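Have a look at the structure below, then the notes.
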Amino acid sequence: MEMRWPLIAAKTRDETSDALCAITRALLRDVRGRPSDKLLRRAMRGWAFIVPRPGLRQMPTDVRMALRWVEGASRPLADLTDPAVMRSLLTALRLNQDGAVAAAETQRHKHKVLVTAVRYAVEQRKLPADPLAPIKWSVAETVDQVDPRVVANPGQARSLLCAVSYVGGYRRARGRRLLGLFAGMYYAGLRPAEAVGVS
């Protein structure tokens with residue numbers, strides 16, 4: 001990571017740090033004294049997974065204690081040769097922090113960061129072989145659900161369409177054009193560009 005860090009964009013650095021945080025969390029054992037998830041995330045993203053790493057003297061006490069706990073709770077690298085551990089890790093990388101399935105691109109990026117880290121460990125002879133090689137992995141499909149808090153119900157839609165018809169003066173017919181535009185989007189599921197073409 002340190003070799004590539006100066007060469008990658010800030011957004012990619014942030015995504016890589018987030019992926020390393022997720023990988024580390026998935027490999028933590030259930031050890032007494034676990035800090036809160038919020039503190040663990042702050043400690044790893046703000047202090048452990050940045051380059052150059054800040055000195056111990058700059059680090060707040062709670063962060064230092066959290067990272068010490070992470071060090072003690074982390075699985076030995078040899079555990080990665082167990083297919084069950086790797087399968088569990090790959091499953092965890094498909095999910096967001098809230099347990100929902102992550103976006104496809106997020107899943108791919110986390111997997112790419114894991115592959116890079118594992119290959120580096122093999123290169124440095126910390127692992128005898130690539131433990132990911134025999135495991136098949138694919139992006140988990142996300143389930144698109146309509147959130148009723150952000151979509152108007154039929155009654156609300158009728159009221160909104162009625163209200164939009166009054167926009168502008170009658171002669172310019174702006175309200176009537178907007179009514180056709182939004183009605184097409186709501187009732188026919190048209191995209192804005194398609195609705196403009198129809199109206």
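Per residue, how much accessible surface does the chain expose to a 1.4 Å probe? Answer in Å², no decimals. Can you show the working numbers first?
On the way: 13820 Å² over 199 residues.
About 69 Å² of surface per residue is accessible.
Based solely on C-alpha atoms, express the radius of gyration and the Dmax of the stretch 98-199 in angstrom.
Final numbers for Rg and Dmax: 25.1, 78 Å.
Which three extents, in angstrom, do the Cα atoms of the stretch 147-190 have along their principal axes, listed largest first?
Sorted from largest, the Cα extents of the stretch 147-190 read 37, 19, 13 Å.
Looking at the stretch 147-192, which trypsin sites (Lys or Arg not before Pro) are in a loop (DSSP not H, G, I, E or B) and have at most 11 other Cβ atoms within 10 Å?
Values: sites: Arg149, Arg158, Arg171, Arg172, Arg174, Arg176, Arg177; in loops: Arg149, Arg171, Arg172.
Filter output for the stretch 147-192: Arg149, Arg171, Arg172.
Can you find, among Val167, Ala195, Val115, the residue sitting farthest towards the positive end of the charge dipole of the stretch 111-199, where Lys and Arg contribute +1 and Asp and Glu -1 at Cβ?
It is Val167, whose Cα lies furthest towards the positive end.
Return the sequence-ordered ³J(HN,Hα) values of the stretch 128-141 in whole Hz as given by the Karplus equation 6.51 cos²θ - 1.76 cosθ + 1.60 applied to θ = phi - 60°, using x for Gly and Pro.
Each residue's phi maps through the Karplus curve to give x, 7, 6, x, 7, 4, x, 9, 7, 9, 9, 5, 6, 6 Hz.
With each run of n ≥ 4 DSSP H residues scored as -39500 (n - 2.57), what mean residue ellipticity at 222 nm is computed for the chain after dividing by its residue count and rounding to the nearest 500 deg cm²/dmol?
Working: 8 runs with 99 residues, N = 199.
The helix-only estimate for the chain comes to -15500 deg cm²/dmol at 222 nm.
Mind checking the stretch 15-96 for trypsin sites (Lys or Arg not before Pro) that DSSP puts in a loop (not H, G, I, E or B) and that have at most 15 other Cβ atoms within 10 Å? Working shown, then result.
Numbers: sites: Arg25, Arg29, Arg32, Lys38, Arg41, Arg42, Arg45, Arg57, Arg64, Arg68, Arg87, Arg94; in loops: Arg29, Arg32, Arg94.
Sites meeting the loop and neighbour criteria: Arg29, Arg32.
Using a 1.4 Å probe over the heavy atoms of the protein chains, calculate the carbon and sulfur portion of the accessible area of the stretch 13-154 as a whole percent. It would help to have the intermediate numbers written out before the result.
On the way: 4830 of 9240 Å².
The computed percentage sits at 52.
Can you give the longest stretch of the chain with no exposed loop site, where a site means GluC sites (Glu not before Pro) in a DSSP loop (not H, G, I, E or B) with at most 16 other C-beta atoms within 10 Å? All intermediate terms of the calculation are to be shown ahead of the outcome.
On the way: sites that count: Glu2, Glu141.
Segment 3-140 is the longest.
Using the beta-carbon distance between Val51 and Val122 and R0 = 22 Å, what value does 1/(1 + (r/R0)^6) give for FRET efficiency, to the nearest 0.05? Before the final figure, lay out the partial values.
Working: r = 22 Å, r/R0 = 0.98.
Computed FRET efficiency for Val51 and Val122 comes out at 0.50.
The values are calculated or read from the model by the stated rules, or taken from the named source; none is laboratory data. Nothing here was measured: the structure is a model prediction, and the numbers come from that model. Cβ coordinates were reconstructed from backbone atoms using ideal geometry, including for glycine residues, and neighbour counts include every protein chain displayed. Calculation scope for accessible area: heavy atoms of the full protein, side chains included, ligands and nucleic acids excluded. Shrake-Rupley method; radii C 1.70, N 1.55, O 1.52, S 1.80 Å.
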